[in-house]
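A quick write-up on the structure given underneath.
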Amino acid sequence: MGWPYIARPVQVGGLGILDLDRFSRALRLRWLWLAWSEVRRPWDGMKLPVDETDVALFTATTRVTVHNGQRASFWLSNWIDGRSPTSLFPLLFQHSRRKHRSVHDALADGHWINDLAHDLNVELLRDLFNLS
């Protein structure tokens, strides 16, 4: 008998045992959602106990509408036709010196360009022009 059968609810023939990997990921994704939707929480400003997979999954399953841009992440939020700049331009994201600017801060006085204006090569310049 495999884990998928054991983890099923008792009503459908399983043992009702939680898959702790999936359950813990769901809880970590909830932290990300609460950090986004309810800013005034006790952990506001603290580093959340999430990994890159959690952030990627959260980013892939959410869509952001940018109002004033102060809460939306320039690189990680899905604000360009439902996609994040990170997914569209991964090389630029890796090259950026500041990966956690808000859309508002990044666009103010071209800070996002200044974050990239070092050691540029042809591929980075092409992506930079496509993003701008």
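Values quoted throughout were computed directly from the atomic coordinates according to the rules given, and no laboratory measurement underlies them. As the structure is a computational prediction, the values presented were derived from the model and not from experiment.
Note down the relative contact order for the chain as a percent, whole number, built from C-alpha pairs under 8 angstrom at least six residues apart. So the answer I get is 14 percent. In region 44-86, one over the average inverse separation of all distinct C-alpha pairs is 11.1 Å, which is the Kirkwood hydrodynamic radius.
Matching the structure-derived mean projected area of the Cα convex hull in nm² against the labelled list (1) 11.3; (2) 8.0; (3) 10.1 gives the label (1). Only helical runs count toward this figure. For the chain, summing -39,500 (n - 2.57) over DSSP H runs of n ≥ 4 and dividing by all residues gives -12500 deg cm²/dmol at 222 nm. Amide hydrogen proximity for residue 74: with H placed 1.01 Å from N in the peptide plane, the residues at 5 or more positions away or on another chain lying under 5 Å are 101, 102, 103.
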